[in-house]
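> Once you've had a glance at the structure underneath, I'll fire off some questions.
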Amino acid sequence: QVLLQESGGGLVQAGGSLRLSCAASGRNFDTSAMGWFRQALGKGREFVAAINWNGERTYYADSVEGRFTISRDNAKDTVYLQMDSLKPEDTAVYYCARLKGGSYYNILSYDSWGPGTQVTVSA
């Protein structure tokens, strides 16, 4: 099992940037694919981005492609989400999760989840 903790959320103006971090503790982080999801108030949790175990492959939702960048540092057991050109519609709680198997885009493919970090983008 891996424990995950997100950080780096906050309030930013539209057009600004934030970098989220997800620190992992436990076994097998460096062999696990990881993902970021988000959940806006009153909506379901949606896929944002994912990265394979060594960082060579990345996947993005259409809504964030070209603005967000996922990366990882296995030496630090941490995965990152760099968010640029933020929009008010990016406002949500952001979660990181570990892929247990299956499609990177499917929420059911993930098992361990962090508690989330709030990102608020003002107009």
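> When the chain is fully extended, how far beyond the present Cα-Cα distance does Glu89 get from Asp62, taking 0.36 nm per residue of separation? Kindly include the intermediate steps, with their values, before the conclusion.
Details: separation 27, 0.36 × 27 = 9.72 nm, distance 1.34 nm.
Full-extension gain reported as 8.4 nm.
> If you take the beta carbon distance between Ala75 and Arg19 as r and set R0 to 25 Å, what does 1/(1 + (r/R0)^6) give as a FRET efficiency, to the nearest 0.05? Display every interim value, and only then the final one.
Numbers: r = 18 Å, r/R0 = 0.71.
The pair Ala75/Arg19 has a calculated efficiency of 0.90.
> Per residue, what volume in Å³ does the Cα convex hull of the chain take up?
On the way: hull volume 11.1 nm³, N = 123.
Hull volume over Cα atoms, normalised by residue count, gives 91 Å³.
> State the answer as a single residue: which of Thr58, Leu81, Phe37 lies farthest towards the positive end of the charge dipole of the chain, with beta carbon charges of +1 for Lys and Arg and -1 for Asp and Glu, about the Cα centre.
Phe37
> Here is a follow-up. So with the 1.4 Å probe, I'd like the accessible area per residue for the chain, rounded to whole Å². Present the calculation step by step, with values, prior to reporting the outcome.
Numbers: 6230 Å² over 123 residues.
Spelled out: the 1.4 Å probe surface of the chain, per residue, equals 51 Å².
> Suppose R0 equals 22 Å. What FRET efficiency, 1/(1 + (r/R0)^6) with r the Cβ-Cβ distance, do Asp111 and Leu11 give to the nearest 0.05? Each step should come with its number before you reach the end.
Details: r = 31 Å, r/R0 = 1.40.
That pair, Asp111 with Leu11, gives E of 0.10.
> Less than 13 Å from a label point 7 Å out along the Cα-to-Cβ axis of Gln82: which backbone N atoms in segment 1-37 qualify, by residue?
Those under the cut-off are 17-20.
> When the Kirkwood hydrodynamic radius is evaluated over all pairs of different C-alpha atoms of segment 1-44, what value in angstrom, to one decimal, is obtained? List each step's numbers first, then the result.
Values: mean 1/r = 0.0776 Å⁻¹.
Evaluated over segment 1-44, this radius sits at 12.9 Å.
> I've got another one for you. Computing the accessible area with a 1.4 Å probe over protein heavy atoms, can you report the carbon and sulfur percentage for the chain? Mind showing how you got there, number by number?
Working: 2950 of 6230 Å².
Carbon plus sulfur share of accessible area: 47 percent.
> A further question follows. Let's see if you can work this out: charge +1 on each Lys and Arg Cβ, -1 on each Asp and Glu Cβ, no other charges. What is the dipole magnitude of the chain about its Cα centre, in debye to the nearest 20?
Values: 12 positive and 12 negative charges, 36 e Å.
That gives the chain a dipole magnitude of about 180 debye.
The values are calculated or read from the model by the stated rules, or taken from the named source; none is laboratory data. As the structure is a prediction and not an experimental result, all values here were calculated from the model. Positions of Cβ are generated from backbone atoms using ideal geometry, with glycine treated the same way; all protein chains shown enter the neighbour counts. For the accessible areas, the whole protein counts, side chains as well, though only heavy atoms, and no ligand, DNA or RNA atoms are used. Shrake-Rupley method; radii C 1.70, N 1.55, O 1.52, S 1.80 Å.
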